Amino acid sequence: MDSTLRIAIQTKGRLNEDSVGLIKETGIDLISGKRRLISAAKNFPMEVLYLRDDDIPQSVADGVADIGIVGLNEVAEKKQQVDVIKHLGFSKCRLSLAIPQSQVNEYEGPEWFNGKKIATSYPEILKDFLAEKKIDAEIHVITGSVEIAPGIGLADAIFDIVSSGSTLVSNRLKEVEAVMKSEAVLVANPKLSKEKQGILDELIFRIESVEMGKGKKYILLNAPNHKIDKIVEVLPGTTSPTVMPLAIEGWSSLHSVIDDNEFWEVIGNLKKNGAEGILVVPIEKMIL
């Protein structure tokens, strides 16, 4: 159906939760239900297909789904013909080589892996890295708990996803080489119809509006007119603060947007320069 855009997302886990959360933040209302493989949207021409994350790149390339949200690591591993449309900024991790902690003192660089056996669920990415570094190592493909391989004598090292690193520590492993950084990305079939491309453009517009609103606050304050120039100097904005006269002569209201990470510093400077009645409001979305 050319009038409906089909998006593939992971069946369960953190990536599923973040993907569904993003879709809902764009104002798209999904029909929910347990064990549902496909969810239609009530108010947007889109339906969601739930798949294993490693099946998403091929499903999008084959046209089973039009677009998908998947880790960049899976895109690199599967090497399917899909277009990476947008980096989404969540589910961040890295693919790294790790060795037993007992071997760390012997490690001086990637050449340590020459002649070693490396367990991984990402053989293609690892193969490319070893070829680039001219390293001759044996790749042992494992699906599941890769990190236990050195401990049971199945491999000398592992190549796997690392987030906090706590799993490595609990298995007495040490990360020694970060090969690639990954995060959730929006991918698309390169041959979308014009109609589906239009729906995708609208979805991207909504996503970007949600992203621009994250980590920002809308601020309103009152100030005497003779203090406005000084306040404007310390009050950041998307272009410049909005200034509106108040009913009280000689006073104005200023409106602007500030980042969370500079919030308290800005507030302090505003108070020093005569701002009063400061009101701070969370921002849900921003459209520029």
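The values are calculated or read from the model by the stated rules, or taken from the named source; none is laboratory data. Please read these numbers as outputs of a predicted model, since none were measured by experiment. Counting neighbours? That spans all protein chains shown, and the Cβs are built from the backbone with ideal geometry, glycine included. Quick note on the areas: whole protein, heavy atoms, side chains included, nothing else; ligands and nucleic acids left out. Shrake-Rupley method; radii C 1.70, N 1.55, O 1.52, S 1.80 Å.
Within segment 152-169, being more than 16 Å from Leu72 (Cα to Cα), part of a loop (DSSP other than H, G, I, E, B), out of contact with any His (no Cβ under 7 Å at 6 or more places or on another chain) and among the small types (Gly, Ala, Ser) holds for Gly153, Ser164, Gly165. Please find, within segment 82-96, the residue that is most open to solvent (accessible area, probe 1.4 Å) out of those that are over 17 Å from Gln197 (Cβ atoms) and not polar (S, T, N, Q). The selected residue is Lys92. Listed by first and then second residue, the pairs with beta-carbon distance under 9 Å, at least 6 apart or on different chains, first residue in segment 209-233 and in contact (Cβ under 8 Å) with a residue 12 or more places away in the chain, second aromatic (Phe, Trp, Tyr), are Lys217/Phe263; Ile219/Phe263; Asn222/Trp251; Ala223/Trp251; Pro224/Trp251; Asn225/Trp251.
Evaluating Val104 against the criteria (1) surrounded by fewer than 16 Cβ atoms within 10 Å (Cβ to Cβ); (2) among the aliphatic types (A, V, I, L, M); (3) under 30 Å from Ile207 (Cα atoms) leaves one unmet condition, (3). If you go through segment 1-52 and keep only what is among the small types (Gly, Ala, Ser) and over 18 Å from Val82 (Cβ atoms), you end up with Ser3, Gly13, Gly21, Gly27, Ser32, Gly33, Ser39, Ala40, Ala41. Residue selection: Ile118 fails the criterion of being surrounded by fewer than 18 Cβ atoms within 10 Å (Cβ to Cβ) and farther than 14 Å from Arg94 by Cα. Considering Glu276, Glu265, Glu284, the condition of being at pLDDT below 90, farther than 30 Å from Leu5 by Cβ and open to solvent by 60 Å² or more (accessible area, probe 1.4 Å) is satisfied by Glu265 alone. Within segment 169-194, the set of residues being within 17 Å of Val60 (Cα to Cα) and open to solvent by 40 Å² or more (accessible area, probe 1.4 Å) comprises Pro190, Lys191, Lys194.
Number of residues in segment 139-168 that are within 14 Å of Tyr122 (Cβ to Cβ) and either open to solvent by 60 Å² or more (accessible area, probe 1.4 Å) or of a type in the set (Asp, Glu) (or both): the value is 5.
Taking helices (runs of 4 or more DSSP H) as the structural unit, those lying wholly within segment 173-288 and holding at least 3 residues that are over 25 Å from Leu22 (Cβ atoms) correspond to 228-234, 263-272. In the condition set (1) closer than 30 Å to Ile207 by Cβ; (2) at pLDDT below 95; (3) more than 20 Å from the chain's Cα centre (by Cα), Thr143 is compliant with all but (1). Take the conditions (1) open to solvent by 20 Å² or more (accessible area, probe 1.4 Å); (2) closer than 20 Å to Met180 by Cα; (3) out of contact with any helix residue (DSSP H, G or I) (no Cβ under 6 Å at 6 or more places or on another chain); Ile99 misses just one of them, which is (1).
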